[in-house]
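The values are calculated or read from the model by the stated rules, or taken from the named source; none is laboratory data. These figures come from a predicted structure and were not determined experimentally. Reconstructed Cβ throughout: ideal geometry from the backbone, glycine too, with neighbour counts over all protein chains shown. Protein only, heavy atoms only, side chains kept; ligands, DNA and RNA dropped before computing areas. Shrake-Rupley method; radii C 1.70, N 1.55, O 1.52, S 1.80 Å.
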Amino acid sequence: MPVSTSTKNLLNEVGGISSFAGRFFSQWYKPRYEIAEFFRQCYVIGYKSLPLVGLTGFIMGLVLTMQLRPTMVDYGVESQIPAIVGIAIIREIGPVLTALIFAGKIGSSIGAELGSMKVTEQIDAMEVSGTNPFKYLVVSRVLAATCMLPVLTVMSDAISLYGSYLGVNIRGTTSFSLFWIQVFESLDFYDVIPAFIKTYFFGFAVGLIGCYKGYFSSKGTEGVGRSANSAVVVSSILIFIIDLLAVQITDVLGYN
Amino acid sequence: MSNTILKKENIDTIETQKKTEPVLMVSHLYKSFGDNKVLIDFNLKLNKGENVVVLGKSGSGKSVLIKCIIGLLLPDEGEIHVLGENVVEQTSSSLDKIRAKIGFLFQSNALYDSMTVRENLEFPLRRHWIKNNPDEVNQLVQQALEDVGLGYTIDMMPVELSGGMRKRIALARTLILKPEIILYDEPTTGLDPITGKEIIRLMIHIKEKYNTSSLIISHDMNCVKLAADRIIILLEGKCYAEGDYETLRKDKDAKVIQFFE
């Protein structure tokens, strides 16, 4: 049976990413540990993404509340807005939106950075200088992305809920403490933990795809642009796939 | 008396042997990418204190050769002996020890964009586990920069430097480990003729000052004429001709003449 070129390309891509992930798992725990580079990447990936993630989170919480309000008023359940927004943000919108923003900012920047290092022979220069470039560049970035996205998601969720509080108070009056009591009363252990755990997988996917695309970048500066672009596209798709799987798993385990 | 003369003769012989002792030997090297055979039974010898230029057209496999020597590419067949060790058979940690004795000047300079000039120079020292106190490291960095005449650029970023300055800084980074062999990949490519000549003079100065052996990959005839003690013409993956500049310039073979026209 003939296989189309696009199918072959897709299978090649899946095979390449799987083998790259395998290389990561076989190397990340072995010395020499690039601790300084890992913390530097945590700073670059985590701290420097905070303003963007915070701003989008705030707007998301505010807009979601304002869009929800008319329908809730029609049904006479206006008082349930904090609970509904809280569940939506913590369980789904916060993790996914933060991961997508993270993929846009960090996935593209890792892809472009490693891609330009590749085409200007900086990766070869590292190898010649007694450095395992895979550990120095890839392992440190993937671990930093995996560790930083959950932290950013928690912060983004909190900022989103502040945005929501503002949204509730534009047309109504809900006290600060009442708003938070309603949010936390609606949330369960099973709402928070699975949502938090899946962000580690989102972070891993963004870091791994960004590194994979950059590390195998070719064809000069044009290739660097293409690496950055496809890092965002592929990691965004992966985020949705992981989210879909996470929902199925939590459903099977009875946490929904 | 005769004993003294004999001893002196022995010392002279040892000195001559040392000078002609190969620091780099490439034997029967084969490398191909798919159906494209890049190197076919290629042989090369680089003696101590010698500058050998590998001359060839673009795409003739010069960079592939140099990357096989440093262990960035694995040859299909053949042996590469660097300072007596076969590069092809090394584990990654023993290869790193050999690499610490070889300097590599990349065609694109390969300076790390995210690091200052100082950090670029410190990087090989730190990565090869060369333990020096901060004062010693600083002194080594300063000395390498003084060698290339760019001491004042120490805290600058690579992006702030001109093409010629970047080449010099890359050369300083190559020198900082005091290598016994330096591999130059197209050292004058992308530079104007004046800057190119300055880089060649610097390469000769470094060879004289540190008694390094150099393998220079080039198609720049200025570089070949000024820097080469011996020239190897790489054609169709093989060592097509070998000799000094004057010998090859007078060669009647059409394929050799085309390089000197």
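For the list (1) more than 9 Å from every other protein chain (Cβ to nearest Cβ); (2) touching a Ser or Thr at 6+ places or on another chain (Cβ under 8 Å), I need the number of the one condition that B:Asp147 fails.
(2)
What helices (runs of 4 or more DSSP H), lying completely within region A:83-171, carry at least 1 residues that are open to solvent by 10 Å² or more (accessible area, probe 1.4 Å), of a type in the set (Ser, Thr, Tyr) and within 14 Å of chain B (Cβ to nearest Cβ)? Reasoning before the result, please.
On the way: elements: A:94-102, A:108-119, A:122-128, A:140-171.
Output list reads A:108-119.
Here are A:Phe20, A:Phe39: which of them is among the aromatic types (Phe, Trp, Tyr), open to solvent by 60 Å² or more (accessible area, probe 1.4 Å) and farther than 29 Å from A:Tyr255 by Cα? It would help to see each step written out before you state the result.
Working: A:Phe20 fails: open to solvent by 60 Å² or more (accessible area, probe 1.4 Å).
Residue meeting the stated conditions: A:Phe39.
Quickly run through region B:242-251 and pick out the residues that are over 20 Å from the mean Cα position of the chain (by Cα), within 23 Å of B:Leu39 (Cα to Cα) and not in a helix (DSSP H, G or I).
We begin by selecting, within region B:242-251, every residue over 20 Å from the mean Cα position of the chain (by Cα); these are B:246-251.
Narrowing further to those that are within 23 Å of B:Leu39 (Cα to Cα): B:248.
The answer is none; no residue qualifies.
Do you know which residues across region B:252-261 are over 25 Å from B:Lys197 (Cβ atoms) and outside any helix (DSSP H, G or I)?
Quick first cut of region B:252-261, residues over 25 Å from B:Lys197 (Cβ atoms) only: B:252-255.
Scanning region B:252-261 gives B:Lys252, B:Asp253.
Residues checked against (1) at the interface with chain A (Cβ under 10 Å from one of its Cβ atoms); (2) under 17 Å from the mean Cα position of the chain (by Cα); (3) not in a loop (DSSP other than H, G, I, E, B):
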{"residue": "B:Ile40", "(1), (2), (3)": "no, no, yes"}
{"residue": "B:Leu46", "(1), (2), (3)": "no, yes, yes"}
{"residue": "B:Val53", "(1), (2), (3)": "no, yes, yes"}
{"residue": "B:Ser60", "(1), (2), (3)": "no, no, no"}
{"residue": "B:Leu74", "(1), (2), (3)": "no, no, no"}
{"residue": "B:Arg118", "(1), (2), (3)": "no, no, yes"}
{"residue": "B:Pro124", "(1), (2), (3)": "yes, yes, yes"}
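Condition (residue is within 13 Å of the chain's Cα centre (by Cα) and in a loop (DSSP other than H, G, I, E, B)) applied to region B:192-199: is it met by at least one residue? Let's see the steps before the verdict.
At the first step, the residues of region B:192-199 found to be within 13 Å of the chain's Cα centre (by Cα) are none.
No; the residues of region B:192-199 include none that is within 13 Å of the chain's Cα centre (by Cα) and in a loop (DSSP other than H, G, I, E, B).
Under 7 Å between Cβ atoms, at least 6 apart or on separate chains: pull out the pairs that start in region A:67-82 with a residue that is surrounded by 13 or more Cβ atoms within 10 Å (Cβ to Cβ) and end on any residue that is aromatic (Phe, Trp, Tyr).
Hits for this filter: A:Pro82/A:Phe179.
Please verify whether B:Ser162 is among the polar types (S, T, N, Q) and either within 14 Å of chain A (Cβ to nearest Cβ) or at positive phi (or both), treating the condition exactly as stated. Please lay out each step first, then the result.
Details: among the polar types (S, T, N, Q): yes; either within 14 Å of chain A (Cβ to nearest Cβ) or at positive phi (or both): no.
Spelling it out, it is not the case that B:Ser162 is among the polar types (S, T, N, Q) and either within 14 Å of chain A (Cβ to nearest Cβ) or at positive phi (or both).
Filter region A:172-215 down to residues that are over 30 Å from A:Ser18 (Cβ atoms), open to solvent by 40 Å² or more (accessible area, probe 1.4 Å) and aliphatic (A, V, I, L, M), then give me how many there are.
Count: 3.
Any idea which residue in region B:76-107 is surrounded by the fewest Cβ atoms within 10 Å (Cβ to Cβ), counting only those that are small (Gly, Ala, Ser) and more than 11 Å from chain A (Cβ to nearest Cβ)? Break it down stepwise before answering.
Keep residues of region B:76-107 that are small (Gly, Ala, Ser), which gives B:78, B:84, B:92-94, B:100, B:103.
Narrowing further to those that are more than 11 Å from chain A (Cβ to nearest Cβ): B:78, B:84, B:94.
On the way: B:Gly78: 17, B:Gly84: 10, B:Ser94: 12.
Out of the qualifying residues, it is B:Gly84.
Going through region A:19-70 one residue at a time, which ones are closer than 22 Å to A:Met126 by Cβ, assigned to a helix (DSSP H, G or I) and out of contact with any helix residue (DSSP H, G or I) (no Cβ under 7 Å at 6 or more places or on another chain)?
Of all residues in region A:19-70, those closer than 22 Å to A:Met126 by Cβ come to A:19-45.
Those left that are additionally assigned to a helix (DSSP H, G or I): A:19-27, A:35-45.
Scanning region A:19-70 gives A:Ser19, A:Gly22, A:Phe25, A:Ser26, A:Ile35, A:Ala36, A:Phe39, A:Arg40, A:Tyr43, A:Val44.
Against the conditions (1) of a type outside the set (S, T, N, Q); (2) in a helix (DSSP H, G or I); (3) modelled with pLDDT of 90 or more; (4) more than 19 Å from A:Thr131 (Cα to Cα), where does B:Ile231 fall short? Just the number, please.
(2)
Each row is one residue, and each column tells you yes or no for (1) touching a helix residue (DSSP H, G or I) at 6+ places or on another chain (Cβ under 6 Å); (2) in contact (Cβ under 8 Å) with a residue 24 or more places away in the chain.
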residue	(1), (2)
B:Leu83	no, yes
B:Gln90	no, no
B:Arg99	yes, yes
B:Val117	yes, yes
B:Pro124	no, yes
B:Leu140	no, yes
B:Met156	yes, yes
B:Arg168	no, yes
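Residue by residue through region B:180-220, note down the ones that are among the hydrophobic types (A, V, I, L, M, F, W, C) and buried (at least 16 other Cβ atoms within 10 Å of the Cβ). Full working, then the answer.
First, the residues of region B:180-220 that are among the hydrophobic types (A, V, I, L, M, F, W, C): B:181-183, B:191, B:194, B:199-200, B:202-204, B:206, B:215-217.
Of everything in region B:180-220, those that are among the hydrophobic types (A, V, I, L, M, F, W, C) and buried (at least 16 other Cβ atoms within 10 Å of the Cβ) turn out to be B:Ile181, B:Ile182, B:Leu183, B:Leu191, B:Ile199, B:Ile200, B:Leu202, B:Met203, B:Ile206, B:Leu215, B:Ile216, B:Ile217.
Hey, B:Asn3 hits all of (1) exposed (fewer than 10 other Cβ atoms within 10 Å of the Cβ); (2) at pLDDT 90 or above but one; which does it fall short on?
It is condition (2) that B:Asn3 fails.
Of these, B:Arg173, B:Arg168, which one is assigned to a helix (DSSP H, G or I) and more than 14 Å from chain A (Cβ to nearest Cβ)? Talk me through it step by step, then tell me what you get.
On the way: B:Arg173 fails: more than 14 Å from chain A (Cβ to nearest Cβ).
Just a single option satisfies the conditions, and that option is B:Arg168.
Exactly one of these conditions fails for A:Thr174: (1) part of a helix (DSSP H, G or I); (2) among the hydroxyl-bearing types (Ser, Thr, Tyr); (3) more than 14 Å from chain B (Cβ to nearest Cβ). Give me its number.
(1)
Mind listing whichever residues of region B:150-171 are under 20 Å from the mean Cα position of the chain (by Cα) and either under 27 Å from A:Ile35 (Cα atoms) or open to solvent by 50 Å² or more (accessible area, probe 1.4 Å) (or both)? I'd like the intermediate steps shown before the answer.
Our first condition is that a residue be under 20 Å from the mean Cα position of the chain (by Cα); within region B:150-171, this holds for B:163-171.
The answer is B:Arg166, B:Ala170.
Among the residues of region A:216-256, count how many are under 20 Å from A:Ala88 (Cβ atoms) and open to solvent by less than 10 Å² (accessible area, probe 1.4 Å).
Residues that pass the stated criteria total 1.
Checking A:Met60 against (1) touching a Ser or Thr at 6+ places or on another chain (Cβ under 9 Å); (2) modelled with pLDDT of 95 or more; (3) surrounded by fewer than 20 Cβ atoms within 10 Å (Cβ to Cβ): exactly one of these is not met. Which one?
Only one criterion is unmet by A:Met60, namely (3).
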